[in-house]
1. Can you compute the helix-only [θ] at 222 nm over the chain? Use -39500 (n - 2.57) per DSSP H run of at least 4 residues, normalise by all residues, nearest 500 deg cm²/dmol.
2. Defining a contact as two alpha carbons under 8 Å apart and six or more residues distant in sequence, what relative contact order in percent does the chain show?
3. For the chain, with a Gaussian network of springs between Cα atoms less than 10 Å apart, report the residue from 209, 54, 140 with the top mean-square fluctuation.
4. Using a simple spin-label model with points 7 Å from Cα along the Cα→Cβ vector, what separation in nm is obtained for residue 105 and residue 341?
5. What number, in percent, do you get for the relative contact order of segment 33-172 if the mean sequence gap of Cα pairs under 8 Å and at least 6 apart is divided by its residue count?
6. Quick one: length gained pulling residue 31 to residue 318 fully straight, 0.36 nm per residue minus the C-alpha distance?
7. Just to verify a number: FRET efficiency for residue 328 and residue 60, C-beta to C-beta distance, R0 = 51 Å, to 0.05?
8. If a/c stays under 1.5 just call it rounded; otherwise compare a/b with b/c (prolate if a/b is bigger, oblate if not). Do that for the chain, with a ≥ b ≥ c from the square roots of the Cα gyration tensor eigenvalues.
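Rule-based calculations on the coordinates, nothing more; no lab input. None of the values given here were measured: they were computed from a predicted structure. All Cβ positions, even for glycine, are placed from backbone atoms using ideal geometry, and neighbour counts span all protein chains on display.
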């Protein structure tokens, strides 16, 4: 039976639709963003990257070098090195291969893993608001965070905004010899392992912390616990004062900034990891602007959240008057209320 003109038209349209779908898919896969690789480790748990690469394709033929050859001992969820590797705008990485040395544990770790491509792409596509330049920004640093036990967390960092993207577990490896590690450093290949360990740990750790580790051991699993999220509602208890901005630093390395219209979102419940540092600015009844930064001991924060026995909490900020000791911050859930005592407070008039 001969094909009718209607059938020919339908076949033609189906082919066009298929071609358009393929082009959209290819365009999506080739979409590029501005990003740079960087690295971090929890303070007091120094590491050094032996070799690391982000791969931009499944075949692992196109890669972006991750900075290596230096001791990393900054802070969880931050960046250390600034390295322009490859073009400024690059495809979203699909795979990560990295090996590093943990000085605290005296171990090498190796991780070879696919990355959550779609999640990374969605974060790039959403971007973050750059308060300095007053515009939406779509550039990020991709930071590999290395913690004891082989835990690796991928962070995406932007001004005033850090995202904990995903965590992985590396394997301890004996495939890297000490001589290979020293050659990659480009330093003295005659130095013994024990000698370099002593030099680095003596420089990076205080005697008090060294003693603490020797007594209690390394807190394996702590950084997994830090990733616990709580349904949190922020309450600013100062009717005569206007909250101007809020910056929250979380145990899982995330960072959020709220200003202007974004402050309205705080009326809704947030899915937050524990808050261990907070910055806020407010306006007094007289129209003067004040700001404070409060830092809390992470153990205190974790205990306070755990003592609520629930994942539904209120994070309360009470500004009583405009002086250093008049701002009270506490965690509340039902009848439970725990005042957080800061280890460091900064207070100033803006």
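1. Values: 7 runs with 80 residues, N = 350.
About -7000 deg cm²/dmol.
2. Values: 683 pairs, mean separation 42.2, N = 350.
Once normalised by length, the contact order is 12 percent.
3. Its mean-square fluctuation being the largest, the pick is 209.
4. 3.4 nm
5. Worked out over segment 33-172, it gives 27 percent.
6. On the way: separation 287, 0.36 × 287 = 103.32 nm, distance 4.56 nm.
Net length gain for the segment: 98.8 nm.
7. Working: r = 53 Å, r/R0 = 1.05.
After rounding, the FRET efficiency stands at 0.45.
8. Details: a/c = 2.17, a/b = 1.14, b/c = 1.90.
Because a/c hits 1.5 or more and a/b fails to exceed b/c, the chain counts as oblate.
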